[in-house]
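Here's the structure, in structure tokens; my notes come after.
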Amino acid sequence: MATKALSHQRQQLLGRAIIYGGLLFMAAFYLMPLWVMITTSVKHLDEIYAGSFIGLPKQITFEAWQTAWSEACNGTACRGLKPYFINSLLMTIPAVLLSTGIGAINGYVITKWRFPGSNVIFGLLLFGCFLPFQAVILPMAQTLGMLGLAGTIPGLVLVHTVYGIAFTTLFFRNYFISIPDELVKAAQIDGAGFVRIFVSIILPTALPIIVVSCIWQFTQIWNDFLFGASFTAGENAPITVALNNIVNVSMGRKQYNVDMAAAMIAALPTLIVYVVAGRYFVRGLTAGAVKG
Amino acid sequence: MNKFKLILMATATALPLVGQAVAETKIEGLHVWTSASEVKALKVITDKLATMGFEWQDSAVGGANGANAQQALRTRVAAGNPPAVMQFLGFEGLGWAKEGALRSLNDLYTKNGWKADLPPVMLQFLEQDANFFSTPINMHRQNWVWANKAIFDKAGISIPASWDELIASGEKLKAIGVTPIAMSDESWQIEELFESILIDVNGPDFYKKAAIDLDETALSSPEMIKTFETLGKLRGMHDAGFTGRDWSAATNMVANGQAAMQVMGDWAKGEFLAKGMKPGVDFLCFPTPTATPNYKFVFDTFGGFTINNTDIVKGQDAVAEAIMDPDVQKNFNLIKGSIPARLDVSMDAFDDCAKRSFSDRVEAIKNNAIYGSLTDGFAVEPRFSGVFQDVVGKFFVTDMSAEDAVQALVDGINNAR
Amino acid sequence: MTGSISLSDRIAKWLPRLVLAPSLLMVLVAVYLFICWTGWISLSSSTIVPKYDFVGLSQYVRLWSTPRWHTAVFNLVIFSVLFLGITTALGLLMAILLDQKIRSEGALRAIFLYPMALSFIVTGTAWKWILNPALGVQKVVHDLGWTSFVFDWIARPSFAIYCVVIAAVWQSTGFAMALFLAGLRGIDNSVIKAAQIEGASLPLIYRQIVIPMLRPAFLSVIVLLSYIAIKSFDLILALTNTGPGSATEMPSTFMYSATFRRDQMGVGAASAMMMLMTVAAIIVPYLYSELRETGDGH
């Protein structure tokens, strides 16, 4: 009896060990690039050129971070990443809010106010998710030019909003579809109209999916390089474009430590969003964002 | 006037309303110079502009060997918002000039007599349909070998007189534990080697037939096979870590003594000078080995897009004048590592490698042995030089045979015609 | 007899369409009109700027006679299959492991998810060093003493694409894990408990019961990962720059270089149309089945 219980216990322990071991091994694999980035950004440049890129720093210095933030050169403008950081904020936040808001309303309409053809419209919207963006750069440039928005941040906001609607509509539609129609019908009988139902019944339950949508959109828009490089230049550029100019320097010793520090600065907002709001992300997904 | 031009003009006139070129004294330029030394050289031009009453508005787009800047340019033109001034290399400017998008600088050229001050071989890249559209600031030479003198002495080798000799010296270098050639597996860096072999082994006339005229007989000839075979012999002369290496990292390998030689244009010279190394003493510069001395060039030019705005027109003229100013040419090139485009600038302040480049250029012009670099876009249009790059790059990193490479080259060129 | 329709009924009829109209209009222009534009250009002789003439299918012929395009298509197939397969499997495994009431689940989840927050440029640069034989993993292992260890895939034309797979899998597995975790959390525990009482082992339960119940999550994972696979442009440019040679060329990078580097806009447009047609061939049937099903009442 005792041996059976013992071997069962051993089996349990072995099972736990395998689970933890597997997770820790994978965690190491996942952390390795972050390790490389952080250690490189605090090393002296000579140390990087002398040794391998993966080892521990002999001496820690934050000079590279200082340079990256306020002194690194984007062409002849040597003001670091700070101004472009602000540009990215000015671009990302409105685009996230707009695309999320429009997606929420679209999802609401498609699920609760269906009409003949509403599913077709949803399908048309959804196909936009799969568009390779390189293909639309030139016609979009012409369009922005016609609208007088070429080279401006509002132009970028428009572009990101338009291409974000496909995703946000998908998220909200999949979420709202699980809200019982009876709730809506009951509210209509009580006299509530289109807007009232949305504001007092649908929205309050939508917090998880709003978070999911905002996180996804923030990440996609903040990290975008293609649209930023195509539709802005110089002072109006977002941080990814400036980062590219700082990193892709063709002459002189590459300042790897500044490059990595700059890359980390560019990545900080999205990292923070994911680490802090990550649990809401999963919670939001659990609450039905991905029901097929 | 074709539709494209119409759209361009119409939207460009609306420019002040869009708020792009606002103040009278600003002139905007799009270029690829993002590193510290390049920006320092650019400052020579922009300082001169400031004395002329114009403020330079910088739109630098770096990376991808100029492809990002090309993309930015195309999208801006599509949006009806072209840059006032644009940096052009090789055939880039000609393409836009053919579309009628660039402003003619004939008045300035006539007034200042610039045509006579420039090497004749440059002119074909500066004018289209009898209209001059851009001005050159410099001339880089592509076919240099940069070598570490101490290594050469240690291995007991002298400057090779032929590619076979260069390849033979590789064994001696490997014996003392030094990488013979510092390079990368990036296709364009391999192409730099290829085009040097092409002209050095087969002569300038063959280079013209094959790389510039794209003559099919030349492209499929035994000489072409021999070129690939010679390139193939270089496969054992680089180190294992050459994958994805930046060209300046390779230059640093030579400067540090980890490698003996690099075949690269004279933009590499700055790396040595920045370390305080002296030509002839610490590092050697010599043209790639050949029996038929030749000169392959690359140069930067600036042109202006047609924009209906008198201030911008004045600014574009100012940029052209600043660039062609002999002092600006001298000071710019002292920093950049190239030689002035103008033939009449004094070379006294320049280092020995630059002086040699200058005199070799004069010789090559006399002997009709000066041609544009294939890799850097001065031999043929991008769709053809792209084919060369694809085939050469693939050949070097695989075990493709020379015959297969030549066949692939011929097929590729014909496909792109 | 049909009485007159009240105003509120009329509003109820038209308001939804009005509300959807702006989005529909934007998408019609930004997606479908632009696709038509690309299609027209693919039938034109455009090189450096758009030309609106008609040259039939010659650009497509040119496209398919380019060996680099064949490489790109081949790479896309290999990359997509491997990327989707490995990311899905790994994400599922991680989700299952994390679902076992692990301590510090939050920290582990953050570790697996954070790569998604990084832009491809950042990921590509970091992995480029890690995979470089002279600077990264191979060198570290050599320094540790195992000098015959070889890991130079990124330098070998026939293996470089697998390096792209590694970096892409690293970046996106956390997201698949999050989706599966959400799905797992949505499964009723009583079903599992019942099976355990019957004596079924845990692996068997997972295989026969849990995974089939995750079908909706699978579909979403596949769809969203496909989107990421199509967008793999930034990652390749940062990691290998389509090298060595053109060994890691993909349709997206091919299209980009044809249009913006080689002055072959017509060929670039043709390649874009090929990409779109492939995507449509896969996605449209999926969308059709998806929307038809839920339209019948859910």
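The values are calculated or read from the model by the stated rules, or taken from the named source; none is laboratory data. From a predicted model like this one, the values you see are computed outputs, not experimental measurements. Counting neighbours? That spans all protein chains shown, and the Cβs are built from the backbone with ideal geometry, glycine included. Only protein heavy atoms, including side chains, enter the accessible area calculation; ligands, DNA and RNA are left aside. Shrake-Rupley method; radii C 1.70, N 1.55, O 1.52, S 1.80 Å.
Any idea how far apart B:GLU363 and C:LEU28 come out in nm if each label point goes 7 Å out from Cα toward Cβ?
7.0 nm
Taking only Cα atoms and a 10 Å spring cutoff, compute GNM fluctuations for chain A and point out the largest among A:GLY145, A:GLY101, A:GLY15.
A:GLY15
Quick one: if the Förster radius is 51 Å, what FRET efficiency do B:ALA130 and B:SER162 give, using the C-beta to C-beta distance and rounding to 0.05?
For B:ALA130 and B:SER162, the calculated efficiency is 0.75.
Out of all Cα-Cα pairs in the protein assembly as shown, roughly what percent, to the nearest whole number, are more than 55 Å apart?
Tail fraction, whole percent: 18.
Tally up the carbon and sulfur contribution to the accessible surface of the stretch A:82-287 as a whole percent, 1.4 Å probe, everything protein left in place.
Summing carbon and sulfur atoms, their accessible area is 69 percent of the total for the stretch A:82-287.
Can you compute the modelled spin-label distance between C:LEU144 and A:ALA186, with each label point 7 Å from Cα toward Cβ, in nm?
Between C:LEU144 and A:ALA186, the simple spin-label model gives 6.2 nm.
For the C and B pair, go ahead and give the buried accessible area with a 1.4 Å probe, both sides summed, in Å² to 100.
Approximately 2400 Å², summed over both chains.
Given R₀ = 22 Å, FRET efficiency for C:GLU198-A:TYR20 by Cβ-Cβ distance, to 0.05?
It comes to 0.20.
Roughly how large is the C-A contact in terms of buried accessible area, totalled over both chains, probe 1.4 Å, nearest 100 Å²?
8200 Å²
If I require 18 Å or longer along the helix axis, counting alpha carbons, and a Kyte-Doolittle average no lower than 0.0, what helices from chain B are left? Use full DSSP H segments.
In chain B, the long hydrophobic H runs are B:36-51, B:187-202, B:310-324, B:382-397, B:402-416.
Tally up the carbon and sulfur contribution to the accessible surface of chain C as a whole percent, 1.4 Å probe, everything protein left in place.
68 percent
Per residue of C:43-52, how many C-beta atoms from partner chains lie within 10 Å of its own C-beta, taken as a mean?
5
Between C:ALA280 and B:ASP153, how many nm apart are label points set 7 Å from Cα along the C-beta direction?
It is 7.0 nm.
Return a whole-number percent for the relative contact order of chain C, with Cα pairs under 8 Å and 6 or more residues apart as the contact set.
Computed value for chain C: 29 percent relative contact order.
Figure the gain on full extension for A:LEU207 and A:ASP46 (residue separation times 0.36 nm, minus the Cα-Cα span) and round it to one decimal in nm.
53.0 nm
For B:ASP352 and B:LYS174, FRET efficiency with R0 = 35 Å and r from the beta-carbon atoms, rounded to 0.05?
That gives a FRET efficiency of 0.75.
Quick check on my link table: of B:LYS174/C:LYS139; B:LYS226/B:LYS296; A:LYS112/C:LYS13; B:LYS233/B:LYS278, which ones sit more than 24 Å apart, alpha carbon to alpha carbon?
Listed pairs above 24 Å: B:LYS233/B:LYS278.
List the residues of the stretch C:173-217 for which accessible area in the full set of protein chains is at least 20 Å² lower than for the chain on its own; 1.4 Å probe, protein heavy atoms only.
Residues losing area: C:PHE175, C:ALA178, C:LEU179, C:ALA182, C:ARG185, C:PRO216.
When the accessible area of chain B is computed with all protein chains present and a 1.4 Å probe, what percentage of it is carbon and sulfur?
For chain B, the apolar C and S fraction of the accessible surface comes to 52 percent.
Rounded to the nearest whole Å², what accessible area per residue is found for the stretch A:82-287 with the 1.4 Å probe?
For the stretch A:82-287, the per-residue accessible area is 32 Å².
Mind checking the log10 I(q)/I(0) for the stretch A:82-287 at q = 0.09 Å⁻¹? Debye, one equal scatterer per Cα, no solvent, two decimals.
-0.43
Among C:SER172, C:SER23, C:SER220, which one moves the most in a GNM of chain C with springs linking Cα atoms closer than 10 Å?
Looking only at C:SER172, C:SER23, C:SER220, the largest GNM fluctuation is found for C:SER23.
Connecting C-alpha atoms closer than 10 Å in a GNM of chain B, tell me which of B:THR51, B:THR306, B:THR135 has the biggest fluctuation.
Ranking B:THR51, B:THR306, B:THR135 by mean-square fluctuation puts B:THR51 first.
Along each of the three principal axes of the Cα atoms of chain B, give the extent in whole Å, ordering the values from largest to smallest.
So the extents along the principal axes, rounded to whole Å, are 67, 48, 40.
Summarise the partner chain shielding of A:31-39 as one whole number: the mean count of Cβ atoms from other chains within 10 Å of each residue's Cβ.
That average works out to 5.
Helix-only mean residue ellipticity at 222 nm, chain A, DSSP H runs n ≥ 4 weighted -39,500 (n - 2.57), per residue, nearest 500. What is it?
Calculated at 222 nm, the ellipticity per residue is -23000 deg cm²/dmol.
Rounded to the nearest whole Å², what accessible area per residue is found for the stretch B:210-317 with the 1.4 Å probe?
Per-residue value: 32 Å².
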